[in-house]
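Asker: Just passing along the structure, written as structure tokens.
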Amino acid sequence: MKKKIAIVAGGDSSEYEVSLRSAKGIWSFMNHDRYDTSIIVIRGTDWQYVPYDGEQYDWEHTLPVDRQDFSVSDPATSRRLTFDFAYIIIHGTPGENGILQGYFDMIRMPYSCCGVLAAALTCSKFTCNR
């Protein structure tokens with residue numbers, strides 16, 4: 001069975017659009033014979049799954065992510081989509097300062113990048129330099 005990877009993009013910084021382009025790039029490099037990959041876009045408290053029809057992503061008809069367990073309910077199929085791994089590519093908050101890592105730690109979802117402490121420390125230049 002293929003592992004389900006969520007490519008988590010967006011964020012609350014001015015680099016929101018850069019992160020979305022990065023998500024599309026990462027998606028294109030993934031081995032789709034080995035992994036089921038999806039894009040999740042986060043902006044503030046709005047977390048959205050971007051459906052893929054086999055040829056392209058449908059950015060107009062996104063579905064909300066249930067933040068209780070990082071899952072998505074698809075009303076068309078009555079199925080619940082869950083993930084095995086989160087590939088975080090958010091530039092800035094909440095992807096680089098430890099907030100998202102803390103969330104994934106709490107729900108026991110493995111993720112790419114460093115953990116909460118390293119992210120929080122290195123996000124603050126003052127704290128990191130001290």
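The values are calculated or read from the model by the stated rules, or taken from the named source; none is laboratory data. Since the structure is predicted, the reported quantities are computational estimates derived from the model, not experimental observations. Every residue, glycine as well, gets a Cβ built from its backbone with ideal geometry; the counts of neighbours run over all protein chains shown. For the accessible areas, the whole protein counts, side chains as well, though only heavy atoms, and no ligand, DNA or RNA atoms are used. Shrake-Rupley method; radii C 1.70, N 1.55, O 1.52, S 1.80 Å.
Asker: Taking region 59-96, which residues are over 18 Å from residue 36 (Cβ atoms) and open to solvent by less than 30 Å² (accessible area, probe 1.4 Å)?
Answerer: Within region 59-96, 90, 92, 94, 95 qualify.
Asker: So residue 20 passes all but one of these: (1) within 11 Å of the chain's Cα centre (by Cα); (2) open to solvent by 50 Å² or more (accessible area, probe 1.4 Å). Which condition number does it fail?
Answerer: Going through (1) within 11 Å of the chain's Cα centre (by Cα); (2) open to solvent by 50 Å² or more (accessible area, probe 1.4 Å) one by one, residue 20 breaks only (2).
Asker: Here's something else I'd like to know. Take residue 13 and decide whether it is among the polar types (S, T, N, Q), closer than 22 Å to residue 110 by Cα and open to solvent by less than 60 Å² (accessible area, probe 1.4 Å).
Answerer: no
Asker: If you go through region 98-121 one residue at a time, how many are of a type in the set (S, T, N, Q) and touching a Gly at 6+ places or on another chain (Cβ under 9 Å)?
Answerer: Total meeting the criteria: 1.
Asker: Is one or more of the residues making up region 88-109 touching a residue at least 60 places away in the same chain (Cβ under 8 Å), in a strand (DSSP E or B) and hydrophobic (A, V, I, L, M, F, W, C)?
Answerer: Yes, region 88-109 contains at least one residue that is touching a residue at least 60 places away in the same chain (Cβ under 8 Å), in a strand (DSSP E or B) and hydrophobic (A, V, I, L, M, F, W, C).
Asker: Among all residue pairs at least 6 apart or on different chains, which show Cβ distances below 6 Å where the first residue, located in region 47-64, is touching a residue at least 12 places away in the same chain (Cβ under 8 Å) and the second is acidic (Asp, Glu) and not in a strand (DSSP E or B)?
Answerer: 51/58
Asker: Restricting to region 74-98, name every residue that is at pLDDT 90 or above, of a type in the set (A, V, I, L, M, F, W, C) and out of contact with any Asp or Glu (no Cβ under 8 Å at 6 or more places or on another chain).
Answerer: 83, 85, 86, 88, 89
Asker: Of the residues 4, 24, which single one is touching a residue at least 12 places away in the same chain (Cβ under 8 Å), of a type in the set (Lys, Arg), closer than 27 Å to residue 75 by Cα and outside any helix (DSSP H, G or I)?
Answerer: Criteria check complete, one pass: 4.
Asker: Those residues that are of a type in the set (A, V, I, L, M) and either at positive phi or touching a helix residue (DSSP H, G or I) at 6+ places or on another chain (Cβ under 6 Å) (or both), I need them from region 45-87; list them, please.
Answerer: Once the filter is applied, which keeps residues that are of a type in the set (A, V, I, L, M) and either at positive phi or touching a helix residue (DSSP H, G or I) at 6+ places or on another chain (Cβ under 6 Å) (or both), region 45-87 yields only 86.
Asker: With the structure loaded, tell me whether residue 37 is within 22 Å of residue 68 (Cβ to Cβ) and not aliphatic (A, V, I, L, M) or whether it fails that test.
Answerer: Taking the combined requirement at face value, the residue does not satisfy it.
Asker: Turning to a different aspect of this structure: Looking at residue 35, is it modelled with pLDDT under 95 and surrounded by 14 or more Cβ atoms within 10 Å (Cβ to Cβ)?
Answerer: It is false that residue 35 is modelled with pLDDT under 95 and surrounded by 14 or more Cβ atoms within 10 Å (Cβ to Cβ).
Asker: All but one of (1) under 12 Å from the mean Cα position of the chain (by Cα); (2) farther than 16 Å from residue 95 by Cα; (3) not β-branched (Val, Ile, Thr) hold for residue 29, so report the exception by its number.
Answerer: So the condition that residue 29 fails would be (1).
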